[in-house]
Amino acid sequence: MLYSLMKFLFSVFFTVFFRADIRGRENIPKDGPVILAANHMSNFDPPFLACFLERPVCYMAKLELFEHPVFGLAIRACHAFPVKRGAADRGAIKAAIQVLKSGKVLGLFPEGTRSRTGKMGKAEAGIGLIAAMTGAPVVPACIIGTDRIGRFPKLRLLIGKPIHFEGNRKDKDMLAAFSQSVMTHVIALKEGAAFKK
């Protein structure tokens, strides 16, 4: 219930103040496991990525956010689960895999952290590993404008077609290459949007 309320409030907020423009929602499978992978520039990215979609989105969130009793309870109600930053967190990987095995949508930011410059960074290998271990399709998404949120820009969300990991899940080079290919698709969405302006 809290998720539905927050989804409604954020959708109104982003529509009224930021003229939100969402493209490609039809590219998200209507059921089954999905990894929704987007660039990350702002704390507003998780709600913006999720609030206009029909399916709920589950996120990894840094462990420190769960330490606040009220906020921690709220983000848990919104399907978030904790991850330790700066170290391999097998628990978080297992939780992410469980989300997908349950047939849900997992929201991931392949860069692992927010970009401070607005430019997209290199992808970490985790998304490739999760995709390889679950067979879930990865849907690339590009968020545009949240790095300038204080200036009330027009926000855009562009969602691409699903891609799949095909290869040996034990091959670290293949996993890293697939992870980076996800970011390549996200960058292509942004460049395509710039070209259409």
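The values are calculated or read from the model by the stated rules, or taken from the named source; none is laboratory data. Not measured: the values here are computed from a predicted model. Cβ: placed from backbone, ideal geometry, glycine included. Neighbour counts: every protein chain shown.
Quick notes on this one:
- Contacts under 8 angstrom Cβ, first residue in segment 156-179 being over 17 Å from ALA136 (Cβ atoms) and in contact (Cβ under 8 Å) with a residue 24 or more places away in the chain, partner among the aromatic types (Phe, Trp, Tyr) and in a loop (DSSP other than H, G, I, E, B), 6 or more apart: LEU157/PHE52
- Flag if PHE17 is out of contact with any strand residue (DSSP E or B) (no Cβ under 8 Å at 6 or more places or on another chain), among the hydrophobic types (A, V, I, L, M, F, W, C), touching a residue at least 24 places away in the same chain (Cβ under 8 Å) and within 23 Å of LEU189 (Cβ to Cβ): no
- Of the set (1) surrounded by fewer than 16 Cβ atoms within 10 Å (Cβ to Cβ); (2) hydroxyl-bearing (Ser, Thr, Tyr); (3) in contact with a strand residue (DSSP E or B) (Cβ under 7 Å, 6 or more places away or on another chain), all apply to TYR59 but (1).
- Single match in LEU129, LEU158 (criterion: crowded, with 20+ Cβ neighbours inside 10 Å and outside any helix (DSSP H, G or I)): LEU158
- Considering only residues in segment 97-117 that are in a helix (DSSP H, G or I) and touching a strand residue (DSSP E or B) at 6+ places or on another chain (Cβ under 7 Å), the one that is surrounded by the fewest Cβ atoms within 10 Å (Cβ to Cβ) turns out to be LEU100.
- LYS84 modelled with pLDDT of 85 or more and either closer than 22 Å to SER179 by Cβ or not aromatic (Phe, Trp, Tyr) (or both): no
- Residue check for GLY145: under 21 Å from ARG25 (Cα atoms) and touching a strand residue (DSSP E or B) at 6+ places or on another chain (Cβ under 8 Å): yes
- Residues being surrounded by fewer than 17 Cβ atoms within 10 Å (Cβ to Cβ) and under 16 Å from ALA50 (Cα atoms) - total across segment 62-91: 3
- Residue in segment 135-147 that is touching an Asp or Glu at 6+ places or on another chain (Cβ under 7 Å), within 18 Å of ALA37 (Cβ to Cβ) and not in a strand (DSSP E or B) present: yes
- Odd one out for GLY167, checked against (1) over 21 Å from the mean Cα position of the chain (by Cα); (2) crowded, with 16+ Cβ neighbours inside 10 Å; (3) small (Gly, Ala, Ser): (2)
- Selection status of LYS94, basic (Lys, Arg), in a helix (DSSP H, G or I), surrounded by fewer than 21 Cβ atoms within 10 Å (Cβ to Cβ) and modelled with pLDDT under 95: yes
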